[in-house]
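> A single structure is presented below for examination.
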Amino acid sequence: MPLLDGCEDPITVLVAHEIKAISDADILGWAALHVAPPSYADDLDYLQLVRSNPRNAVALGKAHAHLRSLTARHFPNFNERSAEAGRMAREIFLRRLRIYLQDDIKPFHVCRMVSPIEARYDFPNWLGCLYDACDWTDERTTRAQAPHIRDTIEQILADNTESLSQGGN
């Protein structure tokens, strides 16, 4: 189950990449599905993303730079460290956690988000205890080896659902 469905704007995709919720290949996957509005449909960086082959290492390596340039040009007032970006990051993070519970992705795909989120958004409370749960988790860790991550994710989702119903962030 992919995190992005193509309906997201470039800012959302950039935030998702910055918190490591998606990879460079996911940027190209988004671009292949995305129907750009006229404001940036002819942008050279956007067209590069659309035309890139995700199996081409050079094109893949340039995906983030093209997305960053596109965003800087067409959304110049967007600040990646703003409260708005933090809200977007939280929603992307929670979506990734829900996908983890429904899909067969590795714990590492959730855990790799912790450090960028902590650094960018100053240790937000919506991360819950994921930092501790992810201790000693790497690319080879299986779900069977980390059932505590599922428990932590369920708690984070419950806490954040409660927080949303009370109007908090």
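The values are calculated or read from the model by the stated rules, or taken from the named source; none is laboratory data. Nothing here was measured: the structure is a model prediction, and the numbers come from that model. Cβ placement follows ideal geometry from the backbone for every residue including glycine, while neighbour counts extend to all protein chains displayed.
> Whether any residue in the stretch 102-115 is among the charged types (D, E, K, R), under 14 Å from the mean Cα position of the chain (by Cα), more than 11 Å from I19 (Cα to Cα) and not assigned by TED's automatic domain parsing to the domain that holds E18 is what I want to check.
The answer is no; no qualifying residue exists.
> Still on this structure, I have one more. Could you grab me the full set of residues in the stretch 3-41 that are β-branched (V, I, T), over 23 Å from N53 (Cβ atoms) and under 10 Å from the mean Cα position of the chain (by Cα)?
T12, V15, I19
> If you check A72, A16, which single one turns out to be farther than 28 Å from K106 by Cβ and at pLDDT 95 or above?
A72
> Where in the stretch 1-55 are the helices (runs of 4 or more DSSP H), entirely inside, with at least 3 residues that are surrounded by fewer than 18 Cβ atoms within 10 Å (Cβ to Cβ) and of a type outside the set (V, I, T)?
It comes to 24-33, 44-51.
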